[in-house]
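Novice: My structure is below; once you've seen it, I'll send some questions.
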């Protein structure tokens, strides 16, 4: 009873920030992301009566503090499948975890696909996104390929809150996302905790919800028409609105460090020069720079010359989560 899956992280172009229901992880607003070929998690899961407890190893470190409730997600899958055996989970990423690079998205997507498969569940892609969402909201988008929308849904049971591909990975193969690593430190405020604080205390949260539908419409239109300027400007503004909410949360949540601002200012300057690029930032200090394939080498070269940039990872629209044959143990 062993299965291994591979899933890519996703970077949201229109962000998800805030839950209308915490247990099922139902969001206040829909979101749209790009599944990123280049930010990968591989996970092997085995259920066996040889284990007297669940064991989880992430990048060779045993899980000691289960902040993401990985064990709860394994129990959810066991319950659905009607099995009792404990699990061994070994997971590896090719990028820093818990640092604002959507490691929980790729991690929970890979975990859900591997664990549900080995537990004997046969799920459609939509059903798989619904199950994955209950472990980590943004992870449901990593189940799907290319450009993905996660619908907020209206129902209390979460049955209409799922993710699906709105444009496959080949639709806009020239689109690039350069992930800039400026810090490998674990962030002090998790996205999960930060969202709850913002919904409860930010005076501008209503404004976020009132403006997000227009952002979603513009991004959908921009992706389908391959309008890079519309997608870039909308994503950048949506990111700034999200961070403005974080900064006006009590207590304030400020993920940016000097290197974050350094990249933002340079992206704005390069765009004024005629080199079209845009930034987006999730819950962390890392900046992702959007550009087209024709400009990626020049922009990546300039980014690597900045003092605060430790490394870059160039991503194109990526594949859905999938099973692979090579196990990690």
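Novice: On each of the three principal axes of the Cα atoms of region 93-196, give max minus min coordinate, whole Å, ordered largest first.
Specialist: Principal-axis extents of the Cα atoms in region 93-196, largest first: 39, 35, 31 Å.
Novice: Still on this structure, please answer the following. Subtracting the Cα-Cα distance from 0.36 nm times the residue separation, let me have the gained length for residue 127 to residue 81 in nm, one decimal.
Specialist: Stretched out fully, the residue 127 to residue 81 stretch lengthens by 15.2 nm.
Novice: Which whole-number percent gives the relative contact order of region 175-317, counting Cα pairs below 8 Å spaced six or more residues apart?
Specialist: Across region 175-317, relative contact order equals 43 percent.
Novice: So how many Å³ per residue does the convex hull of the Cα atoms of region 175-317 work out to?
Specialist: Looking at region 175-317, the number lands at 113 Å³ per residue.
Novice: So, in Å, what gap is there between the alpha-carbon centers of region 73-145 and region 205-231?
Specialist: Cα centres, region 73-145 to region 205-231: 28 Å.
Novice: Still on this structure: May I ask what percent, to the nearest 5, of DSSP beta bridges between residues of the chain are antiparallel?
Specialist: Restricted to the chain, the bridges split so that about 95 percent are antiparallel.
Novice: Rounded to the nearest 10 degrees, what's the angle between the helix 191-201 long axis and the longest principal axis of the chain, both from Cα atoms, 0 to 90?
Specialist: Here the helix axis deviates by roughly 70 degrees.
Novice: At a 10 angstrom cut-off on C-beta neighbours, averaged per residue, how do the peptides 129-137, 160-168, 295-303 rank from highest to lowest?
Specialist: Going from most to least packed, we get 129-137, 160-168, 295-303.
Novice: Take the Cα radius of gyration of region 214-264 and divide it by 2.2 N^0.38 Å, with N its residue count; two decimals is plenty.
Specialist: Output field value: 1.39.
Novice: Viscosity 1.002 mPa s, temperature 20 °C: Stokes-Einstein D of region 146-203 from its Kirkwood Cα radius, in µm² per second?
Specialist: For these conditions, the coefficient is 140 µm²/s.
Novice: Relative contact order of the chain, please, whole-number percent, based on alpha carbon pairs below 8 angstrom and at least 6 residues apart.
Specialist: So the answer I get is 26 percent.
Novice: Something else now. Using alpha carbons only, how many degrees (0 to 90, rounded to 10) separate the axis of helix 205-225 from the longest principal axis of the chain?
Specialist: In the chain, helix 205-225 runs at an angle near 90 degrees to the longest axis.
Novice: Once each part is reduced to its C-alpha centroid, what is the distance from region 3-44 to region 283-321 in angstrom?
Specialist: 19 Å
Novice: May I ask you to sort 270, 208 by Cβ crowding, counting other Cβ atoms within 10 Å and putting the fewest first?
Specialist: So the ranking, lowest neighbour count to highest, is 270, 208.
Novice: Mean shadow of region 2-172, computed from the convex hull of its alpha carbons, in nm²?
Specialist: For region 2-172, the mean projected area of the Cα convex hull comes to 9.5 nm².
Novice: Rounded to the nearest 500 deg cm²/dmol, what is the calculated helix-only ellipticity per residue at 222 nm for the chain, with -39500 (n - 2.57) per DSSP H run of length n ≥ 4?
Specialist: Estimated from H runs of four or more residues: -11000 deg cm²/dmol.
Novice: Once you keep just the Cα pairs under 8 angstrom separated by 6 or more residues, what percentage relative contact order results for region 22-177?
Specialist: Across region 22-177, relative contact order equals 30 percent.
Novice: While we're looking at this one, here's another question. Quick check on the exposure proxy: order 329, 147, 228 from fewest to most C-beta atoms within 10 angstrom.
Specialist: Taking fewest neighbouring Cβ atoms as first place, the list is 329, 228, 147.
Coordinate-derived values only; no laboratory data. Keep in mind it's a predicted model, so treat the numbers as computed, not measured. Every residue, glycine as well, gets a Cβ built from its backbone with ideal geometry; the counts of neighbours run over all protein chains shown.
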